[in-house]
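The structure under discussion appears below in the form of structure tokens.
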Amino acid sequence: MTAFDDLMAHNRETEALGQVMGRLGWDQETMMPRGSAEQRGDEMAALSGVLHARRIDPRIGDWLGTAQAPDAAGDAALRLIRRSFERTTKVPAKLAAQLAKTTSIAQGKWAEARKAQDVAAFVPVLDEVLKLKREEAAALASGGDLYDALLDDYEPGAKAADLEAMFGALRPRLVALREAVLGSEHQPAELTGNYPEATQIALSRKLAEAFGYDFSRGRIDKAVHPFSSGSGNDVRITTRVAEDDPFNCFYSTIHEVGHACYEQNISQDYLLTPMGQGVSMGVHESQSRIYENQMGRGRAFTGWLHSQMEEAFGPLGTDADAFYATVNKVKPGYIRTEADEVQYNLHVLLRFDLERDLVAGKLEAADLEEAWNARFERDFGYPVDKPSNGCLQDVHWSVGLFGYFPTYSLGNVYAGCLMKALREAVPGIDAALASGDATPATAWLKANLQQHGGLRTPRDTIQHACGFAPSEAPLLDYLEEKFGAIYKL
């Protein structure tokens with residue numbers, strides 16, 4: 001066997017063990033008995049140690065020094081393995097252990113502080129996490145920008161300065177659109193009533209099938225916080241149910257189906273290789289958002305959803321056009337995960353700016369609440385009412401995920417670009433979506449983006465699919481056209 005063959009065999013086993021680790025996490029969130037938590041922690045810690053040892057195995061460096069790729073896919077594999085190996089070995093083992101321990105404690109402290117509405121109780125441990133993340137960033141950056149080093153974990157190759165320029169162009173038009181929409185006299189009604197859980201779950205399965213989710217290689221379960229887990233031939237999703245809000249279930253399902261279909265549709269040639277999963281969080285989010293928003297909340301598909309809901313639940317007391325407006329209703333709110341398309345990115349941009357300042361040392365943990373509240377009122381026009389609706393609402397910083405937040409908005413930007421290209425390439429998609437068939441759209445996404453997995457860099461993945469460099473313009477144009485029509489601006 002060649003060095004390349006040896007390296008790929010080692011990596012395949014590591015990828016397989018990583019999938020097992022993911023399955024343990026899925027089980028913990030869905031089916032694991034409550035009394036199993038302590039043992040599961042020991043199991044995951046043991047497997048995590050095995051995985052870490054495999055990822056820093058010195059033989060990887062030797063193999064990378066002599067391996068020759070047989071083709072373009074092999075070149076991509078070497079690039080991804082080298083990147084992972086170099087990043088993993090740059091962080092001292094002691095620091096990695098400190099981070100794991102501190103973030104585990106911090107997550108619990110965050111949950112307690114959030115419940116008690118007590119920011120001060122969370123500040124000391126957040127300060128510890130920050131110090132460790134700055135130390136990790138310094139090890140990874142090798143003299144470069146600290147935030148870029150952390151961002152690279154989630155969106156390889158992205159630079160904060162480029163995102164700042166992109167988001168800077170987003171913010172003023174989003175703020176203006178938000179003000180115009182909320183100031184309009186044409187406000188859609190809200191959906192009211194009771195929608196039984198069993199019926200919601202049954203319809204959510206139908207929605208998943210409409211968007212191409214393969215149940216022979218996946219399943220839907222309930223969880224407090226919906227997520228997608230796995231890749232290749234075992235990709236599972238979860239959803240949640242509120243009997244007075246069926247949209248929560250339906251659009252959580254469609255969102256996670258977007259993530260899951262990306263993983264299911266990657267070429268089988270890349271199974272259990274470095275290319276066999278989504279290339280970045282931003283590209284991943286582009287799939288969940290284009291499924292959920294551009295397709296799932298579009299006029300064509302909501303017309304079909306309206307008919308399906310009336311068949312399942314009885315008359316809704318509204319016609320298809322009014323239902324479309326209701327699905328896309330914009331209203332004031334504090335919570336990022338519950339935000340509509342107009343306001344969602346404003347929530348993300350706030351976090352991006354604050355966490356950059358936290359990593360750079362321009363903002364300390366003790367001053368976070370004041371900075372958050374001031375920025376929120378400036379962007380949204382009303383004050384934060386309580387910490388759980390403010391700086392304590394997200395778990396990300398407690399578990400050290402600095403650099404993750406901007407990928408949510410980057411995914412929306414990518415989705416805007418993809419939808420523009422998709423409409424030009426497949427002009428008949430609305431007719432299909434109106435009959436509950438997303439196949440023409442999802443087939444284009446599979447052929448042009450999803451099947452390639454991690455073959456290309458994130459930005460090149462989007463540019464290859466769209467035929468043009470990604471920018472914020474298509475997303476802004478789409479939002480202004482859509483909500484301008486709904487609200488008769």
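The values are calculated or read from the model by the stated rules, or taken from the named source; none is laboratory data. Please read all numbers here as calculations on a predicted model, not as lab measurements. All Cβ positions, glycine included, derive from the backbone under ideal geometry; neighbour counts span all protein chains shown. Ligands, DNA and RNA are excluded from the accessible area calculation, which covers all protein heavy atoms including side chains. Shrake-Rupley method; radii C 1.70, N 1.55, O 1.52, S 1.80 Å.
For region 242-255, which residues satisfy the criterion of being open to solvent by 20 Å² or more (accessible area, probe 1.4 Å) and not hydrophobic (A, V, I, L, M, F, W, C)? Matches in region 242-255: 243, 244, 245, 248, 255. Please tell me if residue 322 is farther than 16 Å from residue 247 by Cβ, surrounded by fewer than 21 Cβ atoms within 10 Å (Cβ to Cβ) and out of contact with any strand residue (DSSP E or B) (no Cβ under 6 Å at 6 or more places or on another chain). Spelling it out, it is not the case that residue 322 is farther than 16 Å from residue 247 by Cβ, surrounded by fewer than 21 Cβ atoms within 10 Å (Cβ to Cβ) and out of contact with any strand residue (DSSP E or B) (no Cβ under 6 Å at 6 or more places or on another chain).
From 415, 432, grab the single residue that is farther than 27 Å from residue 337 by Cα, modelled with pLDDT of 95 or more and out of contact with any Leu (no Cβ under 6 Å at 6 or more places or on another chain). Of the residues listed, the single one that is farther than 27 Å from residue 337 by Cα, modelled with pLDDT of 95 or more and out of contact with any Leu (no Cβ under 6 Å at 6 or more places or on another chain) is 432. In this entry, residue 348 is excluded by the filter for residues that are open to solvent by less than 10 Å² (accessible area, probe 1.4 Å), closer than 15 Å to residue 191 by Cβ, of a type outside the set (S, T, N, Q) and in contact with a helix residue (DSSP H, G or I) (Cβ under 7 Å, 6 or more places away or on another chain). Among the criteria (1) under 22 Å from the mean Cα position of the chain (by Cα); (2) under 19 Å from residue 311 (Cα atoms); (3) not charged (D, E, K, R), the one residue 192 does not fulfil is (1). One residue stands out in region 58-94 among those that are among the small types (Gly, Ala, Ser) and surrounded by 14 or more Cβ atoms within 10 Å (Cβ to Cβ): the one that is nearest to the chain's Cα centre (by Cα), namely 84.
Working only within region 330-343, note down all residues that are in a helix (DSSP H, G or I) and buried (at least 16 other Cβ atoms within 10 Å of the Cβ).
Passing the criteria: 336, 341, 342, 343.
What about residue 459, is it without any contact (Cβ under 8 Å) to a residue 60 or more places away in the chain and basic (Lys, Arg)?
Values: without any contact (Cβ under 8 Å) to a residue 60 or more places away in the chain: no; basic (Lys, Arg): yes.
Against the criterion (without any contact (Cβ under 8 Å) to a residue 60 or more places away in the chain and basic (Lys, Arg)), residue 459 does not qualify.
Please tell me if residue 200 is more than 30 Å from residue 454 (Cα to Cα) and touching a Cys at 6+ places or on another chain (Cβ under 7 Å). For residue 200, the condition - more than 30 Å from residue 454 (Cα to Cα) and touching a Cys at 6+ places or on another chain (Cβ under 7 Å) - is met. Scanning region 350-369 for residues that are out of contact with any Lys or Arg (no Cβ under 6 Å at 6 or more places or on another chain) and within 24 Å of residue 479 (Cβ to Cβ) yields a total of 4.
Taken over region 21-49, the residue count meeting the criterion of being surrounded by 13 or more Cβ atoms within 10 Å (Cβ to Cβ) and hydrophobic (A, V, I, L, M, F, W, C) is 6. Of all the listed residues (375, 356), the sole one being of a type outside the set (Val, Ile, Thr), part of a helix (DSSP H, G or I) and closer than 26 Å to residue 96 by Cβ is 356. Within region 1-26, the set of residues being under 20 Å from the mean Cα position of the chain (by Cα) and of a type outside the set (A, V, I, L, M, F, W, C) comprises 18, 19, 22, 23, 25. Pairs linking a residue in region 1-29 that is in contact (Cβ under 8 Å) with a residue 60 or more places away in the chain to a residue that is part of a helix (DSSP H, G or I) and exposed (fewer than 15 other Cβ atoms within 10 Å of the Cβ), with Cβ atoms under 7 Å and 6 or more positions apart or on different chains, are 3/66. Note on region 299-329: residues that are in contact (Cβ under 8 Å) with a residue 40 or more places away in the chain, assigned to a helix (DSSP H, G or I) and either of a type in the set (A, V, I, L, M) or touching an Asp or Glu at 6+ places or on another chain (Cβ under 6 Å) (or both) amount to 7. Surrounded by fewer than 22 Cβ atoms within 10 Å (Cβ to Cβ), among the hydroxyl-bearing types (Ser, Thr, Tyr) and in contact (Cβ under 8 Å) with a residue 24 or more places away in the chain: is that true of residue 238 in this structure? Yes: the conditions hold for residue 238. In this structure, is residue 461 over 23 Å from residue 178 (Cβ atoms) and not hydrophobic (A, V, I, L, M, F, W, C)? Yes; evaluated as a whole, the condition is true for this residue. Only a single item in (1) open to solvent by 40 Å² or more (accessible area, probe 1.4 Å); (2) touching a helix residue (DSSP H, G or I) at 6+ places or on another chain (Cβ under 6 Å) is not met by residue 360, and it is number (2). Is it true that some residue in region 438-459 is aliphatic (A, V, I, L, M), over 25 Å from residue 73 (Cα atoms) and out of contact with any His (no Cβ under 6 Å at 6 or more places or on another chain)? Yes; the residues of region 438-459 include at least one that is aliphatic (A, V, I, L, M), over 25 Å from residue 73 (Cα atoms) and out of contact with any His (no Cβ under 6 Å at 6 or more places or on another chain).
Within region 285-298, the set of residues being outside any helix (DSSP H, G or I) and open to solvent by less than 20 Å² (accessible area, probe 1.4 Å) comprises 296, 298.
Taking region 140-172 as the search range and keeping residues that are over 23 Å from the mean Cα position of the chain (by Cα) and buried (at least 16 other Cβ atoms within 10 Å of the Cβ), which one is nearest to residue 358 (Cα to Cα)?
The qualifying residue nearest to residue 358 (Cα to Cα) is 145.
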